[in-house]
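J.: Before we start, here is the structure in question, set down as structure tokens.
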Amino acid sequence: MTLNVEKRQSGMIDYSRPDGSKVNGYLACPQVPDGAPAIVVIQEWWGLNKQIMDVADRFAECGYLVLVPDLYRGKSTVEEEEAHHLMDHLDFGTAISQDIQGAVDYLKSYSSKIGVTGYCMGGALTWLALSSIADLSSGVVWYGFPPLEALDASKITVPVIGHWATQDVFFNIETVEKLEAKLRDGGVDVEFYRYLAHHAFANETAVGTGRIAGTQFDAIWAQQAWDRTLTFFGKTLW
């Protein structure tokens, strides 16, 4: 199916959830949308802000049709306390089964191959989406995971890569080791990459002291992680 003229421009759209209700999302369109594979991008705990839209645009510039679900319904923040509040009030189960599933369903109308990627909180949701949504072809996780007991590795049937910071104080590298072992024991086709970096090393707004202690952008590692991500999606989605 080809995209119509109205959907060739990037911007906010409405799409339907499986329960029939509408939700907003940011759609980023490639220059050549016909036949392009698609990616669902899942936000950090800050919300659907300019930074995550820029991530979607970056994927679109590489030829992908991208949709970012607005999980917070128009709310976003730069304050740690408010981000905690917004994340704590997000129903992860509904986010997966309705908002993210709806995004996948929307993209299925245009693409036969759909990937998913997410950052921090979005990384945790990416793992849950990979274990719950049947129409995904691959996934990329950026420094995030749910409680390990909440993840059924046996249900992840597509290839996945993960990017991790060895100095991450929020998602510690020791638990990453346990996650990797659980995934391999479950038969998941997974590859983890580790970087001598802090949390949110791929978020260019986490500069200086960052918005919260323990986060720090690293341009070198971020570029390497992006290169690996694009190579991986190129192999699994095209």
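The values are calculated or read from the model by the stated rules, or taken from the named source; none is laboratory data. Just so it is clear, the structure is predicted and the values come from calculations on it, not from any experiment. All Cβ positions, even for glycine, are placed from backbone atoms using ideal geometry, and neighbour counts span all protein chains on display.
J.: Does region 64-79 hold any residues that are surrounded by fewer than 23 Cβ atoms within 10 Å (Cβ to Cβ) and hydroxyl-bearing (S, T, Y), and which are they?
T.: Across region 64-79, the qualifying residues are Y72, S76, T77.
J.: Can you tell me which residue among K182, K178, K113 is surrounded by fewer than 14 Cβ atoms within 10 Å (Cβ to Cβ) and either under 25 Å from Q98 (Cβ atoms) or out of contact with any strand residue (DSSP E or B) (no Cβ under 8 Å at 6 or more places or on another chain) (or both)?
T.: Only one candidate passes the filter, namely K178.
J.: Quick check: anything in region 138-158 under 23 Å from G234 (Cα atoms), of a type in the set (A, V, I, L, M) and in contact (Cβ under 8 Å) with a residue 40 or more places away in the chain?
T.: The answer is yes, given that some residue of region 138-158 is under 23 Å from G234 (Cα atoms), of a type in the set (A, V, I, L, M) and in contact (Cβ under 8 Å) with a residue 40 or more places away in the chain.
J.: State which residue is nearest to L107 (Cα to Cα) when the search covers only region 141-159 and only residues that are out of contact with any strand residue (DSSP E or B) (no Cβ under 9 Å at 6 or more places or on another chain) and in a loop (DSSP other than H, G, I, E, B).
T.: T157
J.: Sort out which residues of region 126-138 are in contact with a Pro (Cβ under 8 Å, 6 or more places away or on another chain) and closer than 16 Å to H163 by Cα, and write them in order of number.
T.: W127, S138
J.: Kindly evaluate S76 against the criterion of being within 30 Å of G63 (Cβ to Cβ), in contact with a Lys or Arg (Cβ under 8 Å, 6 or more places away or on another chain) and without any contact (Cβ under 8 Å) to a residue 40 or more places away in the chain.
T.: No.
J.: Which ones in region 210-238 are among the β-branched types (V, I, T) and assigned to a loop (DSSP other than H, G, I, E, B)?
T.: I212
J.: Working only within region 131-144, note down all residues that are buried (at least 24 other Cβ atoms within 10 Å of the Cβ) and under 15 Å from L179 (Cα atoms).
T.: V140, V141, W142, Y143, G144
J.: Starting from region 20-49, keep only residues that are among the acidic types (D, E), then list their pairs with residues that are part of a loop (DSSP other than H, G, I, E, B) whose Cβ atoms are within a distance under 6 Å, requiring at least 6 positions of separation or different chains.
T.: So the pair list comes out as D34/T2; E44/C120.
To keep it simple, each residue is scored yes or no on (1) at pLDDT below 95; (2) within 18 Å of S97 (Cα to Cα); (3) in a helix (DSSP H, G or I).
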{"site": "L125", "(1), (2), (3)": "no, yes, yes"}
{"site": "S132", "(1), (2), (3)": "no, yes, no"}
{"site": "G139", "(1), (2), (3)": "no, yes, no"}
{"site": "F171", "(1), (2), (3)": "no, no, no"}
{"site": "E174", "(1), (2), (3)": "no, no, yes"}
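J.: Look at region 188-206 and say how many of its residues are outside any loop (DSSP other than H, G, I, E, B) and crowded, with 22+ Cβ neighbours inside 10 Å.
T.: 1
J.: Residue by residue through region 84-109, note down the ones that are within 17 Å of P37 (Cα to Cα) and among the acidic types (D, E).
T.: Of everything in region 84-109, just one residue is within 17 Å of P37 (Cα to Cα) and among the acidic types (D, E), namely D105.
J.: Can you give me the number of residues within region 66-98 that are basic (K, R) and in contact with a helix residue (DSSP H, G or I) (Cβ under 9 Å, 6 or more places away or on another chain)?
T.: Of the residues in region 66-98, 1 are basic (K, R) and in contact with a helix residue (DSSP H, G or I) (Cβ under 9 Å, 6 or more places away or on another chain).
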